[in-house]
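For reference, the structure discussed in these notes is given below.
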Amino acid sequence: MNNWNLPVKEAVELQKQLSKKIVLKFSSRKINYIAGVDLGYDKKSELGFCSVVIFTFPDLDIFQIYNYHQEVLFPYIPGLLSFREGPIIIKIFEKIIPKPELIIFDGQGIAHQRKLGIASHMGLLLNIPSIGCAKSKLYGKYEEPASEKGSRSYLYDYKDNPIGVVLRTKDNVKPVFISPGHLIGINKSVEIIMKCVTKYRIPEPTRIADIQVAKYKEAILQN
DNA sequence: GCGACAG
DNA sequence: ATCTTGTCGC
């Protein structure tokens, strides 16, 4: 139903085209539900497992949990993560009703070589505001933020344009890399991520999705 | 040509 | 992501 299993050359070209459609402006009126997405894999069976956990916002109560798994053939190639995880994410979102007003992905948004990390690519296809929250850097340059919670510094591309923020979500922990996916800007992305951080380095949506996908994977692989 | 390199 | 025990620090 989409352009997925493409040759690398064509996938790269598609990213360049799609990145032109990314909108870095938040227009929605109010956010009632936020979703966190994460995936896990089983090398032996070539299966990819995906969990989407939907939270009320800003209370952050778990509202719904969705799980789905299918075969994954596209390899992990830095810069092309969405071609590996995209098919399963699009599939699981077909089941999600109602759609959340915002989605947080484990990975980059526009902080990407071609300005189309997985959060941007998925946000665009789903037409839902999205944010990328990665545990490490893929692309760009930055200065280390101070060690206190809330400290941040901009992440820039190699033409000095800001593409995201390196954010310290807790005291003395490694910072996370925040970048807008689609239909949202840098500052608003950081504001929302901070509202999703409670007791841990990783914001609740993706943190709980990670725990959920591990449980789901174990349950499926057992039978 | 040599590193860097989301999950 | 996954593999994989103990261990350092709050």
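The values are calculated or read from the model by the stated rules, or taken from the named source; none is laboratory data. The shown structure was predicted, so the numbers you read here are calculated from the model rather than taken from an experiment. Ideal geometry is used to build each Cβ from the backbone, glycine not excepted, and the neighbour counts take in all protein chains shown.
Restricting to the range A:192-223, count the residues that are among the acidic types (Asp, Glu) and outside any helix (DSSP H, G or I). Break it down into steps so the answer makes sense when it comes.
Looking only at the range A:192-223, we keep the residues that are among the acidic types (Asp, Glu), and these are A:204, A:210, A:218.
From what's left, outside any helix (DSSP H, G or I): none.
Counting residues in the range A:192-223 that are among the acidic types (Asp, Glu) and outside any helix (DSSP H, G or I) gives 0.
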Quick one: A:Leu221 ticks every box in (1) in contact (Cβ under 8 Å) with a residue 60 or more places away in the chain; (2) more than 29 Å from A:His69 (Cβ to Cβ); (3) surrounded by fewer than 18 Cβ atoms within 10 Å (Cβ to Cβ) except a single one, so which number is it? (2)
Which of the numbered conditions does A:Asp160 fail, given that it passes all the others? Conditions: (1) at pLDDT below 95; (2) under 15 Å from A:Ile110 (Cβ atoms). (1)
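Report yes if some residue within the range A:35-50 is of a type in the set (Gly, Ala, Ser), touching a residue at least 24 places away in the same chain (Cβ under 8 Å) and away from DNA strand C (no atom under 16 Å from the Cβ); otherwise report no.
In the first step, residues of the range A:35-50 are kept if they are of a type in the set (Gly, Ala, Ser); the result is A:35-36, A:40, A:45, A:48.
Subsequent filtering for residues that are touching a residue at least 24 places away in the same chain (Cβ under 8 Å) retains A:35-36, A:40, A:45, A:48.
When the remaining residues are screened for being away from DNA strand C (no atom under 16 Å from the Cβ), the result is A:35.
Yes, the range A:35-50 contains a residue that is of a type in the set (Gly, Ala, Ser), touching a residue at least 24 places away in the same chain (Cβ under 8 Å) and away from DNA strand C (no atom under 16 Å from the Cβ).
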Looking at (1) assigned to a helix (DSSP H, G or I); (2) within 30 Å of A:Asp42 (Cβ to Cβ), can you tell me which one A:Ser189 breaks? (2)
So A:Ile128, is it more than 14 Å from the chain's Cα centre (by Cα), in contact (Cβ under 8 Å) with a residue 24 or more places away in the chain and more than 12 Å from DNA strand B (Cβ to nearest atom): no
I'd like to verify a number: residues in the range A:195-218 that are closer than 16 Å to A:Asn172 by Cα and out of contact with any helix residue (DSSP H, G or I) (no Cβ under 7 Å at 6 or more places or on another chain), how many? 4
Could you check the range A:98-119 and list, in sequence order, the residues that are within 8 Å of DNA strand B (Cβ to nearest atom) and not in a loop (DSSP other than H, G, I, E, B)? A:Phe105, A:Ile118, A:Ala119
Is it the case, given these coordinates, that A:Gly123 is closer than 22 Å to A:Cys196 by Cα, within 18 Å of the chain's Cα centre (by Cα), crowded, with 19+ Cβ neighbours inside 10 Å and within 16 Å of DNA strand C (Cβ to nearest atom)? no
Residue list for the range A:60-97, filter: part of a strand (DSSP E or B), within 13 Å of A:Val37 (Cβ to Cβ) and aliphatic (A, V, I, L, M): A:Ile65
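Tell me, please, whether a residue that is β-branched (Val, Ile, Thr) and surrounded by fewer than 24 Cβ atoms within 10 Å (Cβ to Cβ) can be found in the range A:96-104. Break it down into steps so the answer makes sense when it comes.
Filtering the range A:96-104 for residues β-branched (Val, Ile, Thr) gives A:96-97, A:103-104.
Remaining after also requiring surrounded by fewer than 24 Cβ atoms within 10 Å (Cβ to Cβ): A:96-97.
Within the range A:96-104, one or more residues are β-branched (Val, Ile, Thr) and surrounded by fewer than 24 Cβ atoms within 10 Å (Cβ to Cβ).
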Of the conditions (1) of a type outside the set (Lys, Arg); (2) free of Cβ contacts under 8 Å to residues at least 40 places away in the same chain; (3) within 30 Å of A:Lys9 (Cβ to Cβ), A:Asp106 satisfies every one except a single condition; which number is it? (2)
Could you please give the count of residues in the range A:131-140 that are near DNA strand B (Cβ under 10 Å from one of its atoms) and either within 20 Å of A:Phe55 (Cβ to Cβ) or without any contact (Cβ under 8 Å) to a residue 24 or more places away in the chain (or both)? 4
